[in-house]
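Below you'll find the structure, written out as structure tokens, and then a few comments.
The values are calculated or read from the model by the stated rules, or taken from the named source; none is laboratory data. Quick caveat: nothing in here was measured; it's all calculated off a predicted structure. Here the Cβ positions follow ideal geometry from the backbone for every residue, glycine too, while neighbour counts run over all protein chains shown.
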Amino acid sequence: MNTFGHLLRVTTFGESHGPAIGCVIDGCPPGVAIAPEDFAHDLARRATGRSRHTSARREEDAVEILSGVYEGVTTGTPIALLVRNTDQRSKDYRDIARQFRPGHADYAYWHKYGVRDPRGGGRSSARETTMRVAAAVVAKKWLAERHGVTVRGHMAQIGDVLPRAHDWNAVEDNPFFWPCAEQVPELEAYVDALRKSGDSVGAKVVAVADGVPPGWGEPVYGKLDGELAAAMMSINAVKGVEIGDGFASVAQKGTVHRDVMTPAGFLSNHAGGVLGGISSGQPVVVSVAFKPTSSLRLPVEGVDVDGNVVDVITTGRHDPCVGIRATPICEAMLALVLMDQALRHRAQCGDVDEVTPRIPPSADA
């Protein structure tokens, strides 16, 4: 399936080395002001080639709005967005067209479809996420204007390196989306050495939505946290998702994990803003684990489509750590899930008035 969402439905199409990639956003309410230049900021945050720490591929990522917007506002009809690919080097993949790269989707794609596009990974390339980020520009704007919700993220770990401090103001001032400015030179040296060695490493990204009202989500099959987990797992190279404290909850006592409520606010947010599958009014917090990049120039033994043993060497332009530019992608999936859930909540429970005084997100709020 290439379509995501229920009332807000996003369909992406295109391959890494095809002529273009695009998406169709169906279900967006009318009246949202959108212009082509609105997409530039977030697409630039996601893009490769903006620093020496990511793939050298440099795409223009200029968005063409083909439908669904008239005189600068959405009409309520499907919004079609197109981004043309301008910097492919398909010849880099000629030698591996009949080989299976370890850790890639090559083998699985071959057995599912009986054919695959080897150029840059085709649909399994992170290039596809460009259109998720583009679609989320609309979602972020609607969430902010309609509900006062803001979505942001940061990288919380690269390899075995953890932030020594947390300052949201530092996140957008470095290519790693790192929340501790004093560590940036250390990270630069770390990734430079990694790239020189030809190896790669994984990362963890945290996405946070502030201002989410209580009530979004479903109690069983449409759980907010369940759909967030599925959305994040749909991102290329993701191997783990946590809501709130996630796996750290295993070692916690119940007296610690439960988020005590007072008239002044919640005293903690171990649940990550979701209770019983429904938003609690606290910040929604999602952590996402990315595996190490599998495209390496270091040779490794593998097999080809005929079952022969071959030496696999991946050439081309690749990230030493895909997590470096994953923050905008995680933000995008969080925003898209929240907008879809908000529309579904409005459809079923829009007439439900405030039934009890709302508890502030935290006692410090």
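So residue 173 fits all but one of (1) touching a residue at least 12 places away in the same chain (Cβ under 8 Å); (2) in contact with a helix residue (DSSP H, G or I) (Cβ under 8 Å, 6 or more places away or on another chain); (3) on the phi < 0 side of the Ramachandran plot; what number is the exception?
(1)
Yes or no, residue by residue, for (1) at pLDDT below 85; (2) of a type in the set (Gly, Ala, Ser):
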{"position": "5", "(1), (2)": "no, yes"}
{"position": "54", "(1), (2)": "yes, no"}
{"position": "63", "(1), (2)": "no, no"}
{"position": "105", "(1), (2)": "yes, yes"}
{"position": "115", "(1), (2)": "yes, no"}
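Under 8 Å between Cβ atoms, which residue pairs at least 6 apart in sequence (or on different chains) link something in the range 215-243 that is free of Cβ contacts under 8 Å to residues at least 12 places away in the same chain with a partner that is surrounded by 16 or more Cβ atoms within 10 Å (Cβ to Cβ) and not in a loop (DSSP other than H, G, I, E, B)?
Here the result reads 233/241, each pair linking the range 215-243 to a residue that is surrounded by 16 or more Cβ atoms within 10 Å (Cβ to Cβ) and not in a loop (DSSP other than H, G, I, E, B).
Are there helices (runs of 4 or more DSSP H) fully within the range 86-202 with at least 3 residues that are more than 23 Å from residue 294 (Cβ to Cβ)? List them.
Fully inside the range 86-202 and qualifying: 129-147, 168-171, 184-197.
With the structure loaded, tell me whether residue 49 is surrounded by fewer than 21 Cβ atoms within 10 Å (Cβ to Cβ), within 29 Å of residue 116 (Cα to Cα) and modelled with pLDDT under 95 or whether it fails that test.
So residue 49 passes the test.
Yes or no: residue 162 buried (at least 18 other Cβ atoms within 10 Å of the Cβ) and among the aliphatic types (A, V, I, L, M)?
On the way: buried (at least 18 other Cβ atoms within 10 Å of the Cβ): no; among the aliphatic types (A, V, I, L, M): yes.
Here the answer is no, as residue 162 does not meet what is asked.
Which members of the range 14-46 meet the condition of being modelled with pLDDT of 95 or more and touching a Pro at 6+ places or on another chain (Cβ under 9 Å)?
24, 25, 26, 27, 28
For residues that are surrounded by 20 or more Cβ atoms within 10 Å (Cβ to Cβ) and not β-branched (Val, Ile, Thr), scanning just the range 1-16, find the one that is farthest from residue 128 (Cα to Cα).
Taking the range 1-16 and keeping what is surrounded by 20 or more Cβ atoms within 10 Å (Cβ to Cβ), we get 4-5, 8, 10, 12, 14-16.
Checking the rest, the ones that are also not β-branched (Val, Ile, Thr) come to 4-5, 8, 14-16.
Numbers: 4: 13, 5: 17, 8: 19, 14: 7, 15: 7, 16: 7 Å.
Looking at residues that are surrounded by 20 or more Cβ atoms within 10 Å (Cβ to Cβ) and not β-branched (Val, Ile, Thr), I get 8.
Within the range 19-38, can one find any residue that is under 25 Å from residue 324 (Cβ atoms), of a type in the set (D, E, K, R), touching a helix residue (DSSP H, G or I) at 6+ places or on another chain (Cβ under 8 Å) and outside any loop (DSSP other than H, G, I, E, B)?
For the range 19-38, residues under 25 Å from residue 324 (Cβ atoms), of a type in the set (D, E, K, R), touching a helix residue (DSSP H, G or I) at 6+ places or on another chain (Cβ under 8 Å) and outside any loop (DSSP other than H, G, I, E, B): present.
Could you run through the range 279-307 and say how many residues are within 21 Å of the chain's Cα centre (by Cα) and not in a loop (DSSP other than H, G, I, E, B)?
So the answer is 8.
Restricting to the range 262-278, name every residue that is under 16 Å from residue 345 (Cα atoms) and in a loop (DSSP other than H, G, I, E, B). Break it down stepwise before answering.
Initially, the range 262-278 is screened for residues under 16 Å from residue 345 (Cα atoms), giving 274-278.
Within the range 262-278, 276, 277 meet the criteria.
Pairs under 6 Å by beta carbon, first residue on the phi < 0 side of the Ramachandran plot in the range 104-131, partner hydrophobic (A, V, I, L, M, F, W, C) and assigned to a loop (DSSP other than H, G, I, E, B), six or more apart or different chains?
These pairs meet every condition: 106/100; 107/100; 118/97; 124/105.
Against the condition farther than 24 Å from residue 4 by Cα and at pLDDT 95 or above, how does residue 267 come out, does it pass?
Against the criterion (farther than 24 Å from residue 4 by Cα and at pLDDT 95 or above), residue 267 qualifies.
Tell me, please, whether a residue that is of a type in the set (A, V, I, L, M) and under 29 Å from residue 129 (Cα atoms) can be found in the range 250-270. Talk me through it step by step, then tell me what you get.
Taking the range 250-270 and keeping what is of a type in the set (A, V, I, L, M), we get 250-251, 256, 260-261, 264, 267.
Filter once more, keeping what is under 29 Å from residue 129 (Cα atoms): none.
Scanning the range 250-270, I find no residue that is of a type in the set (A, V, I, L, M) and under 29 Å from residue 129 (Cα atoms), so the answer is no.
Only one of these is hydroxyl-bearing (Ser, Thr, Tyr), exposed (fewer than 15 other Cβ atoms within 10 Å of the Cβ) and farther than 17 Å from residue 104 by Cβ: 356, 327. Name it.
One residue alone meets the criteria, 356.
For the range 319-365, give me each residue that is hydrophobic (A, V, I, L, M, F, W, C), farther than 18 Å from residue 233 by Cα and assigned to a loop (DSSP other than H, G, I, E, B).
Matches in the range 319-365: 352, 355, 359, 363, 365.
For residue 165, are the conditions met, namely being free of Cβ contacts under 8 Å to residues at least 24 places away in the same chain and aliphatic (A, V, I, L, M)?
It is true that residue 165 is free of Cβ contacts under 8 Å to residues at least 24 places away in the same chain and aliphatic (A, V, I, L, M).
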